[in-house]
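Accompanying notes for the structure given below.
The values are calculated or read from the model by the stated rules, or taken from the named source; none is laboratory data. Fair warning: this is a prediction, and the values are worked out from it, not measured in the lab. In this analysis, Cβ positions are derived from the backbone assuming ideal geometry, glycine residues included, and neighbour counts consider all displayed protein chains. Only protein heavy atoms, including side chains, enter the accessible area calculation; ligands, DNA and RNA are left aside. Shrake-Rupley method; radii C 1.70, N 1.55, O 1.52, S 1.80 Å.
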Amino acid sequence: MSTLKEVADQAGVSIATVSLVLNGKTTVSEATREKVLACIESLNYRPNMVARGFKTKKTMAIAVLLPTITNPIYASFIHTVEYLAHENNYQVILFSYDHENILSNFDYLTDLYDRMVDGIIICGIPPLPAPNHTKKAKQIMQAFREKKTPFIFYNEEEQFSVFLDTFDIPKNDSSFMLLKIDREQAVYEAVKHLIHTGHTRIGFIGEGVVNTYPQNIPYHKKLAGYKKALLEAGIPFSSELLVTGTDGYQGGADCFSHLSSLEDPPTAYVGTGDTISLGIVSAAIKAGFSIPDQIAVIGFDNIQEASFWNPKLSTISVPIYEIAKAAFTNLLLLMGGGAIPFTIKSFDTQLILRESSH
């Protein structure tokens with residue numbers, strides 16, 4: 001790969017002039033700029049972002065950590081962040097922690113520190129260090145704090161607090177910000193609607209592994225909303241109507257197969273995600289049930305497929321574009337040395353009624 005000096009020599013200018021062109025400065029004449037750009041292209045020169053970072057203290061790179069990239073809701077999140085990052089000349093480094101053992105020792109933070117990322121966005125349940133790696137992880141986090149590297153979280157307040165407490169970070173540290181939704185209220189409204197339309201046997205279908213570490217707060221918040229609606233309506237809670245399955249359509253189909261075989265099966269289902277809920281819809285239709293006359297289904301997230309399925313899925317809409325935009329714009333503000341007026345911001349959800357429920 002070519003060097004900055006080779007570009008300067010071929011263009012017949014100084015290294016400083018090449019740097020001015022690369023940084024978009026207008027002090028270079030148009031003729032010189034075009035000549036330098038032509039040499040950059042012919043030599044296939046690529047700037048060394050890490051080396052530049054040592055000089056400027058910025059690498060123009062951020063990291064985004066997601067629980068999975070297969071769930072459409074997170075695909076939408078990263079799509080928005082990447083678009084905004086590109087618009088602001090930032091590159092995105094993506095980490096997925098589908099497999100809890102991969103990141104349990106927190107080595108990924110060491111990697112991100114070595115890459116000198118300017119900011120970090122963490123979604124879902126952030127992996128915490130294994131006990132024998134806690135000391136090392138705390139050292140890395142302290143190094144991030146000394147550099148004033150901002151962190152933006154999209155999860156629950158309890159998980160946010162666990163993360164801060166693990167690393168002895170004050171709750172009012174303005175470099176750490178939380179974006180959240182009220183999952184309990186969202187599911188409460190959905191179950192309340194099902195009860196008002198005549199359902200008293202309502203299945204609750206959870207995605208993935210419930211007992212992940214730390215505790216899967218989002219799942220339990222949704223479950224709390226389910227129980228609250230039942231209690232308010234005087235409907236006894238039945239643990240046999242609670243089932244968890246693997247993420248995705250097959251997980252929903254398997255859960256429906258189990259619950260529909262009960263002696264007194266549910267007439268309605270609430271899924272903690274849209275993909276598992278769409279799996280319920282498909283399995284119910286395949287089994288000969290009419291939707292929504294015999295079986296009603298409500299999902300969570302409002303992914304694009306929900307409005308194109310047949311029948312279209314009723315769901316809880318999460319403003320994922322607004323959340324992703326807020327994550328990046330606030331990160332950008334903090335990376336630029338600005339201040340944010342809050343460290344916790346909540347976004348409203350909306351119950352969207354379509355063809356899978358009355």
Original post:
Which angle from 0 to 90°, rounded to the nearest 10, does the C-alpha axis of helix 134-146 make with the longest principal axis of the chain?
Top reply: 60
**OP:** Work out how much length Ala130 to Leu353 would gain on full extension: take 0.36 nm times their residue separation and subtract the Cα-Cα distance, in nm to one decimal.
**Re:** 76.0 nm
Subject >> Per residue accessible area of the chain, 1.4 Å probe, in Å² >> reply: 48
Subject >> Residue among Gly288, Gly12, Gly279 with the largest mean-square fluctuation in a Gaussian network model of the chain, springs linking Cα atoms under 10 Å >> reply: Gly12
Subject >> Dipole in debye (nearest 20) - the chain, about Cα centre, beta carbon charges: Lys, Arg +1; Asp, Glu -1 >> reply: 1160
Original post:
Let a ≥ b ≥ c be the square roots of the eigenvalues of the Cα gyration tensor of the chain; is it rounded (a/c under 1.5), or, if not, prolate (a/b larger than b/c) or oblate?
Top reply: prolate
**OP:** Can you tell me the 0 to 90 degree angle between the C-alpha axis of helix 320-335 and the longest principal axis of the chain, rounded to 10?
**Re:** 30
Original post:
Can you give the charge dipole size of region 64-207 about its Cα centre, rounded to the nearest 20 debye, using +1 on the beta carbon of Lys and Arg and -1 on the beta carbon of Asp and Glu?
Top reply: 160
Original post:
Once amide H atoms are placed 1.01 Å from N in the peptide plane, what residues at a sequence separation of 5 or more from Asp182, or on another chain, have their amide H within under 5 Å of its amide H?
Top reply: Phe347, Thr349
Original post:
Relative to the longest principal Cα axis of the chain, at what angle does helix 249-260 sit, 0 to 90 degrees, rounded to 10?
Top reply: 20
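Cross-link list Lys180/Lys325; Lys192/Lys221; Lys286/Lys312; Lys58/Lys180: which exceed 20 angstrom alpha carbon to alpha carbon?
Lys58/Lys180
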Subject >> 18 Å Cα-Cα reach of Lys136 towards aspartates and glutamates, excluding residues that sit fewer than 8 places from it in its own chain >> reply: Asp107, Asp111, Asp114, Glu146, Asp165, Asp168
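How large a share of the accessible area of the chain, in percent, is made up of carbon and sulfur atoms when the probe is 1.4 Å and the other protein chains stay in place?
C and S fraction of accessible area: 52 percent.
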Original post:
Between Lys171 and Asn88, what FRET efficiency comes out of the Förster formula 1/(1 + (r/R0)^6) with R0 = 35 Å and r the beta carbon distance, rounded to 0.05?
Top reply: 0.75
Original post:
Roughly what would the spin-label model give for Ser29 and Ser161, points 7 Å off Cα along C-beta, in nm?
Top reply: 6.6
Subject >> Cα pair distances in region 201-291, grouped into 5 Å bins until the bin that holds the longest one, percent each >> reply: 3, 14, 26, 24, 19, 10, 3, 1, 0
**OP:** Rank-order 264-272, 311-319 by packing density, defined as the average count of other C-beta atoms within 10 Å over each peptide's residues, highest first.
**Re:** 264-272, 311-319
